[in-house]
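Here's the structure we're looking at; comments come further down.
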Amino acid sequence: GAVVSQHPSWVICKSGTSVKIECRSLDFQATTMFWYRQFPKQSLMLMATSNEGSKATYEQGVEKDKFLINHASLTLSTLTVTSAHPEDSSFYICSARDPLTESTDTQYFGPGTRLTVL
Amino acid sequence: GNSVTQMEGPVTLSEEAFLTINCTYTATGYPSLFWYVQYPGEGLQLLLKATKADDKGSNKGFEATYRKETTSFHLEKGSVQVSDSAVYFCALSLWTGNQFYFGTGTSLTVIP
């Protein structure tokens with residue numbers, strides 16, 4: 001099946017710094033990728049929809065200036081957490097849809113990135 | 001609106017016991033329904049799915065049937081194993097938006 005990777009798998013940073021997380025579709029081209037945030041023992045919350053070649057669509061309550069999303073190619077989307085603070089510590093997960101598969105509603109999820117802000 | 005309500009956990013079962021995790025949904029359109037599994041330290045993996053009413057998704061001994069009349073998609077397995085210990089998420093997706101709506105997850109622990 002389709003594979004989505006994320007890098008890094010975990011990162012620790014100081015408060016006030018910026019962190020970039022990469023999401024790649026390894027064996028398919030994804031015009032649309034999604035970024036989720038998962039708090040401990042809670043469900044995934046959609047943060048934004050990343051569209052290749054255009055601006056991301058953010059969910060209500062998500063600060064677009066804080067969580068910068070860039071989808072520069074059909075296989076790569078990046079999420080940059082700017083001026084990170086301890087409350088930004090979380091598990092960030094991306095997913096991608098393979099438009100060429102028979103079931104276009106299926107999404108493939110990356111393994112997630114654990115961000116800890118000190 | 002669109003939402004998924006999932007049985008709260010945690011659930012602890014003995015090996016070979018029968019498993020049911022309840023999931024109900026509300027949707028503004030005609031959703032596809034999914035069960036995802038998250039093993040400790042790993043990302044989400046698709047377990048099974050159903051795209052229309054009365055469809056049954058199945059994989060690795062797990063089954064779930066899309067029940068439109070009860071708006072449900074309960075996950076079942078006849079005999080659980082220790083290796084099934086994980087967090088299970090019910091989710092729906094609408095064709096029009098590609099967005100996934102997840103339940104809160106149910107943690108399952110299977111003891112020998």
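The values are calculated or read from the model by the stated rules, or taken from the named source; none is laboratory data. The structure displayed is predicted, hence computed values, not measured ones. Ideal geometry is used to build each Cβ from the backbone, glycine not excepted, and the neighbour counts take in all protein chains shown.
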Next item on the list: Provide a single number: the residues in segment A:60-85 that are in contact (Cβ under 8 Å) with a residue 60 or more places away in the chain and in contact with a strand residue (DSSP E or B) (Cβ under 8 Å, 6 or more places away or on another chain).
Entry: 5
Check: For segment A:52-82, what are the residues that are surrounded by 12 or more Cβ atoms within 10 Å (Cβ to Cβ) and either touching a helix residue (DSSP H, G or I) at 6+ places or on another chain (Cβ under 7 Å) or assigned to a loop (DSSP other than H, G, I, E, B) (or both)?
Finding: A:Glu52, A:Lys55, A:Ala56, A:Glu59, A:Val62, A:Lys64, A:Lys66, A:Leu74, A:Thr75, A:Val81, A:Thr82
Checklist line | When residues of segment B:26-35 are limited to those that are within 14 Å of chain A (Cβ to nearest Cβ) and assigned to a strand (DSSP E or B), the one surrounded by the fewest Cβ atoms within 10 Å (Cβ to Cβ) | finding: B:Ser32
Item checked: Leading residue by the ranking (farthest from the other protein chains (Cβ to nearest Cβ)) among those in segment B:36-81 that are assigned to a loop (DSSP other than H, G, I, E, B) and under 10 Å from the mean Cα position of the chain (by Cα) -> B:His74
Checklist line | Where a residue in segment B:22-34 is touching a residue at least 24 places away in the same chain (Cβ under 8 Å) and over 20 Å from B:Glu76 (Cβ atoms) and its partner, wherever it lies, is polar (S, T, N, Q) and in a loop (DSSP other than H, G, I, E, B), with Cβ under 7 Å and at least six apart | finding: B:Thr26/B:Asn2; B:Thr26/B:Thr71; B:Ala27/B:Asn2; B:Thr28/B:Asn2; B:Gly29/B:Thr96
Next item on the list: Give me the pairs, please: first residue somewhere in segment A:87-103 and modelled with pLDDT of 95 or more, second residue anywhere and among the acidic types (Asp, Glu) and surrounded by 23 or more Cβ atoms within 10 Å (Cβ to Cβ), beta-carbon distance under 9 Å, and either six or more positions apart or on two chains.
Entry: none
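Conditions tested, residue by residue: (1) closer than 26 Å to A:Cys94 by Cβ; (2) at pLDDT 95 or above; (3) among the charged types (D, E, K, R).
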residue: B:Leu13; (1), (2), (3): no, yes, no
residue: B:Glu16; (1), (2), (3): no, yes, yes
residue: B:Thr20; (1), (2), (3): no, yes, no
residue: B:Thr28; (1), (2), (3): yes, no, no
residue: B:Ser32; (1), (2), (3): yes, no, no
residue: B:Trp35; (1), (2), (3): yes, yes, no
residue: B:Pro40; (1), (2), (3): yes, no, no
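For segment A:7-18, state whether one or more residues are at the interface with chain B (Cβ under 10 Å from one of its Cβ atoms), in contact with a strand residue (DSSP E or B) (Cβ under 8 Å, 6 or more places away or on another chain) and over 14 Å from A:Phe91 (Cα atoms). Even if it seems obvious, please write down each step before you answer.
Here is the first cut: in segment A:7-18, the residues at the interface with chain B (Cβ under 10 Å from one of its Cβ atoms) are A:9.
Cutting the leftovers down to in contact with a strand residue (DSSP E or B) (Cβ under 8 Å, 6 or more places away or on another chain) gives us A:9.
Subsequent filtering for residues that are over 14 Å from A:Phe91 (Cα atoms) retains none.
Taking every residue of segment A:7-18 in turn, none turns out to be at the interface with chain B (Cβ under 10 Å from one of its Cβ atoms), in contact with a strand residue (DSSP E or B) (Cβ under 8 Å, 6 or more places away or on another chain) and over 14 Å from A:Phe91 (Cα atoms).
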Check: When you look at A:Thr113, is it farther than 18 Å from B:Leu47 by Cα, of a type in the set (Val, Ile, Thr), within 14 Å of chain B (Cβ to nearest Cβ) and touching a residue at least 60 places away in the same chain (Cβ under 8 Å), yes or no?
Finding: yes
Notebook entry, point to check: Among the residues of segment B:82-100, which ones are more than 10 Å from chain A (Cβ to nearest Cβ), assigned to a loop (DSSP other than H, G, I, E, B) and surrounded by fewer than 15 Cβ atoms within 10 Å (Cβ to Cβ)?
Noted result: B:Thr96
Notebook entry, point to check: Quick one: in segment A:86-103, which of the residues that are touching a strand residue (DSSP E or B) at 6+ places or on another chain (Cβ under 6 Å) and not hydroxyl-bearing (Ser, Thr, Tyr) is surrounded by the most Cβ atoms within 10 Å (Cβ to Cβ)?
Noted result: A:Cys94
Note to self: Testing A:Thr32 on (1) under 30 Å from B:Lys52 (Cα atoms); (2) touching a strand residue (DSSP E or B) at 6+ places or on another chain (Cβ under 8 Å); (3) without any contact (Cβ under 8 Å) to a residue 24 or more places away in the chain; (4) of a type outside the set (Lys, Arg), one condition comes back false. Which one is that?
What the structure shows: (3)
Next item on the list: Take the residues in segment A:23-51 that are hydroxyl-bearing (Ser, Thr, Tyr) and crowded, with 17+ Cβ neighbours inside 10 Å, then tell me which one is modelled with the lowest pLDDT.
Entry: A:Ser43
